[in-house]
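Colleague: Sharing a structure here in structure tokens format.
The values are calculated or read from the model by the stated rules, or taken from the named source; none is laboratory data. Since we're looking at a predicted model, the values are computed, not measured. Here the Cβ positions follow ideal geometry from the backbone for every residue, glycine too, while neighbour counts run over all protein chains shown. The protein model used for the area step is the full one, side chains on, heavy atoms only, and it has no ligands, DNA or RNA in it. Shrake-Rupley method; radii C 1.70, N 1.55, O 1.52, S 1.80 Å.
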Amino acid sequence: PLRIAVLASGRGSNLQAIMDAIAAGTLDAQVVGVFSDRRRAPVLERAERAGIRAVAVQPRRFPDRQSYEAELFARIDATEPDLIVCAGYMRLLGAATVNAHAGHIVNIHPSLLPAHKGLHTHQQALDAGACEHGASVHYVTAELDGGPVISQACVPIEPGDDAESLAARVLLREHPLLVATLRLFAARRVELQEATVFIDARPLHAPMKL
Ligand code: GAR
């Protein structure tokens, strides 16, 4: 099974989707640890309830981001993950960390990248007058939300939508998108080579629509 470490800051519904798929036998993976920058993050409770190692590393206990990340990733690396999945991890990752794990960190981001990077993506989509929105799974590089995109799910923007209604519609698609993408990793069908995503040993020219 694919060894997955999850890095998350909050609610953990994406972690739940991963755990549910594993329990249902539809994802050949094991969550080897859940890591958070917030000691009270609900995602840690979800992990503990499922008997998964749950670790909080609090940035404020370190003099700078570099030493915080060094400790966090020492703990993550100790679980020997094949893949580190950022699922609602709300901090930047530094270049040193990312480069040391190139091709082994992915993130789920609530927009159709490259549109709407950063925070408040649903409001950004509404403000832009977009008629389509969605979520992306991409490799993490040192550029914020700028790494190569693997897969996307699209949702329509409906008249009368606000950021909340749109977030809920996107979240419903995030869970199957993330699980389907992790299935590709579990089947060893996806890899990153020099900033290009390869699926079944062929370069991917546009994100897969899942
Ligand atoms: C998800 O919508 C995810 O796409 C987003 O945070 C939420 C986490 O939900 N991630 C980002 O905004 C990353 N910048 P969850 O904790 O219930 O999985």
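Colleague: Hey, what's the range 132-192 come to in accessible area per residue, 1.4 Å probe, Å²? Present the calculation step by step, with values, prior to reporting the outcome.
Modeller: On the way: 2510 Å² over 61 residues.
On a per-residue basis, 41 Å².
Colleague: In Å, what is the Rg of the alpha-carbon atoms in the range 102-151, and how long is Dmax?
Modeller: Spelled out, the Cα radius of gyration and Dmax of the range 102-151 are 10.9, 35 Å.
Colleague: With θ set to phi - 60° and the Karplus curve 6.51 cos²θ - 1.76 cosθ + 1.60, what are the ³J(HN,Hα) couplings of the range 13-22 in order, to the nearest whole Hz, using x for Gly and Pro?
Modeller: Working through the residues one at a time gives 5, 5, 4, 4, 4, 5, 4, 5, 5, 5 Hz.
Colleague: For F35, list long-range residues whose amide hydrogen, built 1.01 Å from N in the peptide plane, is under 5 Å from its own amide hydrogen.
Modeller: For F35, whose amide H was placed from the backbone, the distant partners under 5 Å are V6, L7, A8, V55.
Colleague: Rounded to whole Å, give me the distance from the Cα center of the range 51-77 to that of the range 85-124.
Modeller: 18 Å
Colleague: Please report, as a whole percent, how much of the solvent-accessible surface of the range 11-136 comes from carbon and sulfur atoms (probe radius 1.4 Å).
Modeller: With neighbouring chains kept in place, the figure for the range 11-136 is 49 percent.
Colleague: Here's another thing I want to ask about it. Across the range 186-193, in residue order, what do the Karplus-derived ³J(HN,Hα) couplings come to in whole Hz, using 6.51 cos²θ - 1.76 cosθ + 1.60 with θ = phi - 60° and x for Gly and Pro?
Modeller: 3J(HN,Hα) across the range 186-193, in whole Hz: 4, 8, 6, 9, 10, 8, 10, 9.
Colleague: For a Förster distance of 25 Å, can you work out the FRET efficiency between the beta-carbons of A100 and E45, rounded to the nearest 0.05? Could you put the intermediate results ahead of the total?
Modeller: Numbers: r = 29 Å, r/R0 = 1.18.
With a Förster radius of 25 Å, E is 0.25.
Colleague: Rounded if a/c is under 1.5, else prolate if a/b is larger than b/c, else oblate: which is the range 1-138, with a ≥ b ≥ c the root eigenvalues of its Cα gyration tensor?
Modeller: Numbers: a/c = 1.66, a/b = 1.22, b/c = 1.36.
Note, shape of the range 1-138 comes out oblate.
Colleague: Would you mind calculating the relative contact order of the range 1-115 from Cα pairs under 8 angstrom and at least 6 residues apart, reporting the percent as a whole number? Display every interim value, and only then the final one.
Modeller: Working: 184 pairs, mean separation 35.6, N = 115.
Relative contact order comes out at 31 percent.
Colleague: Compute the Cα gyration tensor for the range 120-188, then decide on rounded, prolate or oblate, letting a ≥ b ≥ c be the square roots of its eigenvalues: rounded whenever a/c is under 1.5, prolate when a/b is larger than b/c in the other cases, and oblate in all that remain. Don't skip to the end; give the middle numbers.
Modeller: Working: a/c = 2.91, a/b = 1.63, b/c = 1.78.
Oblate, since a/c reaches 1.5 and b/c is not below a/b.
Colleague: Could you provide, to the nearest whole Å², the per residue accessible area of the range 1-98 with probe 1.4 Å?
Modeller: Details: 4690 Å² over 98 residues.
Result: 48 Å² per residue.
Colleague: Once you list every other residue whose beta carbon is under 13 Å from the beta carbon of I4, what net charge do they have if Lys and Arg are +1 and Asp and Glu are -1? Before the final figure, lay out each step's value.
Modeller: Values: positive: R3, R53, R183; negative: D28, E80, D82.
In short, 0.
Colleague: Between L172 and Q58, what FRET efficiency comes out of the Förster formula 1/(1 + (r/R0)^6) with R0 = 22 Å and r the beta carbon distance, rounded to 0.05? Can you show the working numbers first?
Modeller: Numbers: r = 32 Å, r/R0 = 1.44.
With a Förster radius of 22 Å, E is 0.10.
Colleague: Next up: Quick one: which residues, 5+ away or cross-chain, put their amide H under 5 Å from the amide H of G147? H built at 1.01 Å from N.
Modeller: Distant-sequence amide H within range of G147: T141.
Colleague: Restricting to Cα pairs below 8 Å that are 6+ residues apart, what does the relative contact order work out to for the range 1-61? Please round to a whole percent. Walk me through the intermediate numbers first.
Modeller: Working: 99 pairs, mean separation 22.1, N = 61.
Relative contact order of the range 1-61: 36 percent.
Colleague: Shifting gears a bit: Please list the non-local residues whose amide H lies under 5 Å from the amide H of A29, H modeled 1.01 Å from N, same-chain partners needing a gap of 5 or more.
Modeller: Amide H neighbours of A29, under 5 Å, 5+ apart: L2.
Colleague: Okay, next question. Using alpha-carbon pairs under 8 Å, 6+ residues apart, how would you state the relative contact order of the chain in percent? Please report the intermediate quantities before stating the final value.
Modeller: On the way: 401 pairs, mean separation 39.1, N = 210.
So the answer I get is 19 percent.
Colleague: Right, here's the next one. When ranked by the protection proxy of mean other Cβ atoms within 10 Å per residue, highest first, what sequence do the peptides 143-150, 193-200, 101-108, 127-134 form?
Modeller: Taking the mean over residues of other Cβ atoms within 10 Å, the ranking is 101-108, 143-150, 127-134, 193-200.
Colleague: For the range 59-210, what is the Kirkwood estimate of the hydrodynamic radius, computed as the reciprocal of the mean inverse distance between distinct Cα atoms, to one decimal in Å? Please report the intermediate quantities before stating the final value.
Modeller: Values: mean 1/r = 0.0613 Å⁻¹.
About 16.3 Å, per the Kirkwood formula over Cα pairs.
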